[in-house]
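To start, the structure under review is shown below, and the notes come after it.
The values are calculated or read from the model by the stated rules, or taken from the named source; none is laboratory data. Please read these numbers as outputs of a predicted model, since none were measured by experiment. With ideal geometry, Cβ positions are generated from the backbone for all residues, glycine too; neighbour counts draw on all protein chains shown. For the accessible areas, the whole protein counts, side chains as well, though only heavy atoms, and no ligand, DNA or RNA atoms are used. Shrake-Rupley method; radii C 1.70, N 1.55, O 1.52, S 1.80 Å.
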Amino acid sequence: TTYPDHALMTGITGSNEQVPVPAVGFSAPIPLAPSGLDGVNSRDNALGVAINGVPIYDYTSAGELDPSGAYDASLDTVVTGQLDICGGHAGRGDDYHYHKAPNCMMDAMGDSADTAILGWGYDGYPLYGYLTPQGEAIAEGDLDVCHGMADDTFGYRYHASTEPPYIFQCLRGEIDEDILPRVSPLKAAQ
């Protein structure tokens, strides 16, 4: 349903006037054997899914992001006050999703959240918290344009951060757009 077990829509100061409704029939296919690392795949929809089933987008709410472009604070959902205290909001399809690290989910995980897998990119590579799986800090410049780095276990991994872009903003591995979920904007009732 894309509904997490935490508060929704609390603390938003720059409302997009959306209300979360369950995303009926939502599925998030994650490849068990990811392949490729040469891509820089962006999409105007979720890039992955958190372990609690909530989709994860890039930091913007402006459609498909050009990851090679410069950071734009005017499109940043954190800066514009569009996110709740848990890092998410209801989007154009009234589906609840994250645009940054899922803080409330991480709080429920306790001390392990900084080094644990928080979710998966739709290319099959994991999303970790603020530290490496070994508990080490990530130095400035270690993360690439997609907000990830090489990994000895999976070949590659993404990371959350407290600074923009907060979470993955593109996918390095191969993706199959034909099977990926797409939540369309809701249409007004006639």
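If you restrict to DSSP beta bridges whose two residues both lie in the chain, what percentage is antiparallel, to the nearest 5?
85 percent
Return the sequence-ordered ³J(HN,Hα) values of the stretch 62-75 in whole Hz as given by the Karplus equation 6.51 cos²θ - 1.76 cosθ + 1.60 applied to θ = phi - 60°, using x for Gly and Pro.
Per residue, the Karplus-derived 3J(HN,Hα) values read 9, x, 4, 8, 8, x, 7, x, 6, 4, 10, 4, 5, 9 Hz.
Sequence-distant or interchain residues sharing an amide H contact under 5 Å with LEU118, placed H: which?
Residues meeting the criterion, in which the H sits 1.01 Å from N, are LEU127, TYR128, GLY129.
Would you please give the residues with an amide H less than 5 Å from that of GLY48, counting only those at least 5 places away or on a separate chain, with H modeled from the backbone geometry?
Residues meeting the amide H criterion: ILE56, TYR122.
Which ³J(HN,Hα) values, rounded to whole Hz and listed in residue order, are derived for the stretch 133-142 from phi using the Karplus coefficients 6.51, -1.76 and 1.60 in 6.51 cos²θ - 1.76 cosθ + 1.60 with θ = phi - 60°, glycine and proline given as x?
So the Karplus estimates, Gly and Pro as x, are x, 8, x, 8, 5, 9, 6, 4, x, 6 Hz.
Stretch ASP44-GLU163 to full length: gain in nm at 0.36 nm per residue minus the Cα-Cα span?
Answer, rounded to one decimal: 40.7 nm.
Between TYR3 and LEU131, what's the calculated FRET efficiency when r is the beta-carbon distance and R0 is 35 Å? Round to 0.05.
Values: r = 28 Å, r/R0 = 0.80.
After rounding to 0.05, the efficiency reads 0.80.
Okay, helix-only estimate at 222 nm for the chain: each DSSP H run of n ≥ 4 adds -39500 (n - 2.57), divide by all residues, round to 500 deg cm²/dmol; what do you get?
Computed ellipticity for the chain at 222 nm equals -1000 deg cm²/dmol.
Can you give the local net charge around TYR128? Use residues other than it whose beta-carbon is closer than 12 angstrom to its beta-carbon, Lys and Arg +1, Asp and Glu -1.
Residues close to TYR128 contribute a combined charge of -2.
Given a 1.4 Å probe and every protein chain left where it sits, what share in percent of the accessible area of the stretch 2-106 is carbon and sulfur?
54 percent
Given H placed on each backbone N at 1.01 Å, which residues far from THR2 in sequence or on other chains put an amide H within less than 5 Å of it?
Distant-sequence amide H within range of THR2: ALA23.
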